[in-house]
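As structure tokens, the structure follows; a few thoughts come after it.
The values are calculated or read from the model by the stated rules, or taken from the named source; none is laboratory data. In this text the structure is predicted, and so the values were computed from the model without any measurement. No Cβ is skipped: glycine too gets one built from the backbone with ideal geometry, and neighbour counts run over all protein chains shown.
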Amino acid sequence: MDETVAEFIKRTILKIPMNELTTILKAWDFLSENQLQTVNFRQRKESVVQHLIHLCEEKRASLNDAALLDIIYTQFHQHQKVWDVFQMSKGPGEDVDLFDMKQFKNSFKKILQRALKNVTVSFRETEENAVWIRIAWGTQYTKPNQYKPTYVVYYSQTPYAFKSSSTLRRNTPLLGQALTIASKHHQIVKMDLRSRYLDSLKAIVFKQYNQTFETHNSTTPLQERSLGLDINMDSRITHENIVEKQRVQRITQETFGDYPQPQLEFAQYKLETKFKSDLNGSILAEREEPLRCLIKFSSPHLLEALKSLAPAGIADAPLSPLLTCIPNKRKNYFKIRDK
Amino acid sequence: MMSVLRPLDKLPSLNTATILLVGTEDALLQQLADSMLKEDCASELKVHLAKSLPLPSSVNRPRIDLIVFVVNLHSKYSLQNTEESLRHVDASFFLGKVCFLATGAGQESHCSIHRHTVVKLAHTYQSPLLYCDLEVEGFRATMAQRLVRVLQICAGHVPGVSALNLLSLLRSSEGPSLEDL
């Protein structure tokens, strides 16, 4: 086994937390049951890793096997990457061909290899007709850097692909080209949508976030359900603004629905608008050029936070449509200009 | 027609003391109400919670003995809401039956209202200003206790002490006046 491959596998295994190790190794399916049984997982991590490397050597692990392990690790730790969304389109009048996974993979790999000579491309198919692609980039003269790969998750029955953000941006156009051509599309466009939560991006892009699940609570009238948590049953307390509270609940429910919101960490608004002021003769109001300004909302769970603003009394309902349109418009990056 | 709250427009109910908490954050008001109702009290306590004034018209509302405006120092919206609500309170309420409660002073980095602003507001309306981080259970319980005692006085349930007495007592123990600061 190549020294670089051994080092690569070692570093990957070291990243895996002990409580996930057996699960990930089983998913990798490279070391046999018998081999795994010989490992004492209760030892110190360094000893376990050494033993595992030894077993990989016995089985002559290749670069591709190592890359596959890296893919599986990333699949388990999706949130460590930030994902961008790309949308492809077919040309006018183009037929919808039957998708051939094998042909796609071959074509994709060939395009990259022809352009760069040194590139490691690995695939792992998952459910929902998705394929995870791992690309380690090199150049005409340098070997691929296995420690800064790019991941692409392509849903073959859709025109959408999700790509992990990386610092090596110069390869993005080539990657886009390879993806487009291999999947028999004509054009690729980056959407203004980005997050660490791949599942949430999927839910937004495929419009699957608004399913209300049937639970035993669904037969209770909405009013009782949502206000029951708020109103103290103590009869000594009176809520004067009960009508207003109901209005806010109703508007919030109409805007956000009953379902859990997809998880996003931020929304960014780039404003290029002229300054508007009630005061006459203000210096800024006389300015012809638009002011430039960037507003960023951050939260561990932005949409849930926005949903709770009006019921918490922190903002008026209804909220600005610029905030509430995020899942519907499938964007969390906005550019706002004067009309 | 704008409705104004007046302190003596209704007859009091027997042994009942009613407090009105006004503030934008319902959860905080609810918590404070719960804390107050936990207190042992000879009077029958009633708590009304409102986001803002004027209140929706209602004949069934008991006489209000004490109004507490809860201002969240983290929110300019909260201050604005209080200032607008104050316009709907009759002047006679300010003879000891109104007080301001500022919450959030403990997290100074989150404060968007300067302490001086609420001090000035309370001074303008000649009413006491209390500080309490309502989100902290211990502080809230202590404040609840205090408010219950003040409420009983304002409802006239403490012989020999009236709301006005209490107000002048609090004023005389105040530090230097705003102008001297």
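Condition check: touching a Gly at 6+ places or on another chain (Cβ under 7 Å) and either modelled with pLDDT under 95 or in a helix (DSSP H, G or I) (or both). Does B:Leu147 satisfy that?
Values: touching a Gly at 6+ places or on another chain (Cβ under 7 Å): no; either modelled with pLDDT under 95 or in a helix (DSSP H, G or I) (or both): yes.
Against the criterion (touching a Gly at 6+ places or on another chain (Cβ under 7 Å) and either modelled with pLDDT under 95 or in a helix (DSSP H, G or I) (or both)), B:Leu147 does not qualify.
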Could you grab me the full set of residues in segment B:112-135 that are among the hydrophobic types (A, V, I, L, M, F, W, C) and over 15 Å from B:His74 (Cα atoms)?
B:Val119, B:Leu121, B:Ala122, B:Leu129, B:Leu130
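When you go through A:Ala315, A:Ala285 one by one, which is the residue that is free of Cβ contacts under 8 Å to residues at least 40 places away in the same chain, in a loop (DSSP other than H, G, I, E, B) and surrounded by fewer than 15 Cβ atoms within 10 Å (Cβ to Cβ)?
Working: A:Ala315 fails: surrounded by fewer than 15 Cβ atoms within 10 Å (Cβ to Cβ).
Every option except A:Ala285 fails the conditions.
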Inside segment A:1-104, counting only helices (runs of 4 or more DSSP H) that do not spill past its ends, which hold 2 or more residues that are closer than 23 Å to A:Val119 by Cβ?
A:3-15, A:63-76
Selection from segment B:9-30 of residues outside any strand (DSSP E or B), surrounded by fewer than 17 Cβ atoms within 10 Å (Cβ to Cβ), more than 8 Å from every other protein chain (Cβ to nearest Cβ) and not charged (D, E, K, R) yields B:Leu11, B:Pro12, B:Ser13, B:Leu14, B:Asn15
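Does B:Ser78 qualify as being of a type outside the set (A, V, I, L, M), buried (at least 17 other Cβ atoms within 10 Å of the Cβ), within 12 Å of another protein chain (Cβ to nearest Cβ) and farther than 23 Å from B:Cys154 by Cα? Explain how you work it out, then say what you get.
Details: of a type outside the set (A, V, I, L, M): yes; buried (at least 17 other Cβ atoms within 10 Å of the Cβ): yes; within 12 Å of another protein chain (Cβ to nearest Cβ): yes; farther than 23 Å from B:Cys154 by Cα: yes.
The answer is yes for B:Ser78.
A quick yes/no check of all residues on (1) at pLDDT 50 or above; (2) not charged (D, E, K, R):
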residue	(1), (2)
A:Asp192	yes, no
A:Tyr197	yes, yes
A:Val205	yes, yes
A:Leu222	no, yes
A:His239	yes, yes
A:Val243	yes, yes
Exactly one of B:Val119, B:Val158 is surrounded by fewer than 19 Cβ atoms within 10 Å (Cβ to Cβ), among the β-branched types (Val, Ile, Thr) and closer than 20 Å to B:Ser43 by Cβ, and that one is B:Val158
So which residues in segment B:40-61 are buried (at least 18 other Cβ atoms within 10 Å of the Cβ), facing chain A (nearest Cβ under 7 Å) and part of a loop (DSSP other than H, G, I, E, B), if there are any at all?
B:Lys51, B:Leu55
Across segment A:114-132, what is the total count of residues that are of a type in the set (Gly, Ala, Ser) and either assigned to a strand (DSSP E or B) or buried (at least 21 other Cβ atoms within 10 Å of the Cβ) (or both)?
2
Scanning segment B:102-136 residue by residue, those assigned to a loop (DSSP other than H, G, I, E, B) and of a type in the set (Val, Ile, Thr) turn out to be B:Ile113, B:Val136
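So which residues in segment A:151-173 are assigned to a strand (DSSP E or B) and not polar (S, T, N, Q), if there are any at all?
Passing the criteria: A:Tyr151, A:Val152, A:Val153, A:Tyr154, A:Tyr155, A:Tyr160, A:Ala161, A:Phe162, A:Lys163.
Could you tell me whether any residue of segment A:133-150 is assigned to a strand (DSSP E or B), surrounded by 13 or more Cβ atoms within 10 Å (Cβ to Cβ) and either assigned by the TED database to the domain that holds A:Leu21 or of a type in the set (Gly, Ala, Ser) (or both)? Don't jump to the end; show me each part of the working.
If we filter segment A:133-150 for residues that are assigned to a strand (DSSP E or B), which is where we start, we get A:133-137, A:150.
With the extra rule that they be surrounded by 13 or more Cβ atoms within 10 Å (Cβ to Cβ), the set shrinks to A:133-137, A:150.
Still in the running and either assigned by the TED database to the domain that holds A:Leu21 or of a type in the set (Gly, Ala, Ser) (or both): A:136.
Yes: segment A:133-150 contains one or more residues that are assigned to a strand (DSSP E or B), surrounded by 13 or more Cβ atoms within 10 Å (Cβ to Cβ) and either assigned by the TED database to the domain that holds A:Leu21 or of a type in the set (Gly, Ala, Ser) (or both).
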